[in-house]
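Have a look at the structure below before the remarks.
Just so it is clear, none of the values below were taken in a lab; they were calculated from the coordinates. Just so it is clear, the structure is predicted and the values come from calculations on it, not from any experiment. Note: ideal-geometry Cβ built from the backbone for every residue, glycine included; neighbour counts use all protein chains shown.
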Amino acid sequence: MDRIERAITKILRPKLAEHGFELSKKWDCFVRKQNSGEDSFVVVNQGTAKGAGKFYEINCFADVRHERVELPWNTLGMVYGEDQMHTWTLQYKPRERHLPPMTVSLTSVEADVEHVAGQLAGLLDHSEKVFYPRFADLKEVEEWVNKNPLADTNPTAGGPIEHLAMRALILAKLVNPPRYAAVREAFLALDKGMFPRERRMAMLQRVDEMSL
């Protein structure tokens, strides 16, 4: 964490503790263990905003990790080393896009940090109502991700399309096998991706062969 993130999370920490989250210094986020894996809440300083460079834009993300999805997903070679231990199955950005950014100005750091921490506390409460409980259920995750295969949604199951697609396929195979063919067809219809087509097809074959 940088100094702005540390200042904000110092204020936010008691609120997170009320919900069972503890700071993971290894991953620079707050983590709550679950039987299915873990939840996390991440505070991010996205750097100096455009223009004058006089303030920092702060954001947050709520994540759920389901081991039954991430363990097979992490065999596909998209994430390496220790980072494989902290991937997420579904990520939610609780701050609505149309709202003005949460900012910390260089001329009023202390007051802005206090204000942003209060905003983040509200977003944590919101996530506890609409995100974490619902998506603790893998059936809900699969339904959300695959009701419109490979769509760009919030919450999301991936960034690069291959990340999203492989999670979507694993979710369908694991939770809703009759939908697997439709998700697979949507992936095959893609005409581009982060990886060369040969590698993408090799990953698809790996998922086809998985026994979940």
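Consider the range 63-95. How many of its residues are assigned to a loop (DSSP other than H, G, I, E, B) and without any contact (Cβ under 8 Å) to a residue 40 or more places away in the chain?
Looking only at the range 63-95, we keep the residues that are assigned to a loop (DSSP other than H, G, I, E, B), and these are 74-80, 87-89, 93-95.
Adding the requirement that they be without any contact (Cβ under 8 Å) to a residue 40 or more places away in the chain leaves 74, 79-80, 87, 94-95.
Result for the range 63-95: 6.
Selection over the range 170-206 of residues that are touching a Phe, Trp or Tyr at 6+ places or on another chain (Cβ under 9 Å) and in contact (Cβ under 8 Å) with a residue 60 or more places away in the chain gives a count of 2. For the range 116-132, does any single residue satisfy the condition of being under 15 Å from the mean Cα position of the chain (by Cα), assigned to a loop (DSSP other than H, G, I, E, B) and within 28 Å of S211 (Cα to Cα)? There is at least one residue in the range 116-132 that is under 15 Å from the mean Cα position of the chain (by Cα), assigned to a loop (DSSP other than H, G, I, E, B) and within 28 Å of S211 (Cα to Cα). Give me the residue from the range 140-157 that is among the polar types (S, T, N, Q) and closer than 19 Å to F41 by Cβ and, out of that set, farthest from the chain's Cα centre (by Cα). Once the filter is applied, the top-ranked residue is N154.
Could you check the range 149-169 and list, in sequence order, the residues that are in a helix (DSSP H, G or I) and either touching a helix residue (DSSP H, G or I) at 6+ places or on another chain (Cβ under 7 Å) or without any contact (Cβ under 8 Å) to a residue 60 or more places away in the chain (or both)? Give the derivation first.
Of the residues in the range 149-169, the ones in a helix (DSSP H, G or I) are 161-169.
Listed by number, the residues that qualify are I161, E162, L164, A165, M166, R167, A168, L169.
Residues in the range 112-143 that are more than 23 Å from C29 (Cα to Cα) and either exposed (fewer than 13 other Cβ atoms within 10 Å of the Cβ) or touching a Pro at 6+ places or on another chain (Cβ under 7 Å) (or both): K139 only.
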